[in-house]
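Undergrad: Have a look at the structure that comes next, please.
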């Protein structure tokens, strides 16, 4: 009837009860139980579901209800998921609920009784239309729920984290923007409302709704991620932001770090965007706070990597991780020559998809604090910098670089002498 699977986020599992669920030792040392129930297609009524006896399992803290993905095989009248979910009532101690592949219109009524529930995740619930009123929810994640349009105001007031993927409507986001005022994390991506570049209802409202949401949470929001939000052009963020990640937002031209909005920025990622966006953001960065930076590829017909950081006036003394993503045409050897002066304490460097670069300059070996160097998909790269035996580099990982692999062959390759003393060398 049911297949019960085991979740193992930290790989420290101990046997628990006869449900074949498992007791999990968390990082903090407290005990929390995660149970995943895979609901098979032949489970079709509330009586069958009740046999799982989830209601008496008081030590379950995170319940995952996952329905078999068989939407294409069922007609409109064949969905019994609402009855089944009503029979899978959990104990009121439940703190986190994940629902996957549910094909009912309404979630089970017992969810409103879960007074300890603080996080709910919905994935691939393509027929679900509304969330029940949940006044204590702090974390809400919705992905690929194409008909979900309505969320009660009461669900928003305690929210700290909102993750929405593949948005088909702005209605949920608009409700959140009117009621949430203490968000710390906002992650938005995909969907018609984000992708459209026309003057439709969805795209015309998206930018203004996001900006309202950013203003009303300007003192609390520390993480903002935008993925494939192609209708958004200008944003203003608040003073508390620590992490800003933007991916595949081709029309986003400006992000204003309001007042002292750059003061605490620790992590910045600008990828698959216009180089002008990088210029506007970099001009506002306080370089002393930034610890992690991801850049590229950039849009447009350009063959040089945009680099708005002047090494003479804009050193990043605390940046320890840098990821650079190139593209087919980019050359940019001068880019690598500036790394040592711009990021003097860099510990991790990842170089990805610079297909026209044939050699890396020796200046990279002068990154005295570098511990990890990872190189991916640089097809024409055949020459590495020489690292002295006294250098701190501990890991060299090279992935899909055929020419370099041949030239770095142990004992016989012409580049082997440059890297032979590095403690860990990995090839893929």
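Undergrad: Sorting 114, 253 on the 10 Å Cβ count, fewest up front, what's the list?
TA: Lowest to highest Cβ neighbour count: 253, 114.
Undergrad: What order, most packed first, do the peptides 387-396, 351-360 have when packing is the mean number of other Cβ atoms within 10 Å of each residue?
TA: 351-360, 387-396
Undergrad: If you take all C-alpha pairs in region 217-295, what percent of them are over 18 Å apart?
TA: 31 percent
Undergrad: What ranking of 91, 62 emerges when the number of other C-beta atoms within 10 Å of each C-beta is taken as an exposure proxy, fewest first?
TA: Result, fewest neighbours first: 91, 62.
Undergrad: Same structure, new question: Rounded, prolate or oblate: pick one for region 367-420, where a ≥ b ≥ c are the square roots of the eigenvalues of its C-alpha gyration tensor, a/c under 1.5 means rounded, and failing that, prolate if a/b is larger than b/c, else oblate.
TA: Here region 367-420 falls in the oblate category.
Undergrad: May I ask you to order 403-414, 151-162 by the average number of other C-beta atoms within 10 Å around their residues, highest value first?
TA: In decreasing order of mean packing, 403-414, 151-162 become 151-162, 403-414.
Undergrad: Which whole-number value in Å³ per residue fits the convex hull of the alpha carbons of region 296-358?
TA: It is 81 Å³ per residue.
Undergrad: Oh, and also: Hey, if you drop one equal point scatterer on each alpha-carbon of region 295-420 and run the Debye formula without solvent, what base-10 log of I(q)/I(0) do you get at q = 0.13, 0.18 Å⁻¹?
TA: -0.51, -0.98
Undergrad: Going by how many other beta carbons lie within 10 Å of each one, how would you line up 309, 417, 316, 343, fewest first?
TA: Ascending number of Cβ neighbours within 10 Å: 417, 309, 316, 343.
Any read-out appearing in this document is the output of simple, stated calculations on the displayed coordinates, not a laboratory observation. Small disclaimer: the values here were computed from a predicted structure and weren't measured. For neighbour counting, all protein chains shown are included, and Cβ atoms are generated from backbone atoms with ideal geometry for every residue, glycine included.
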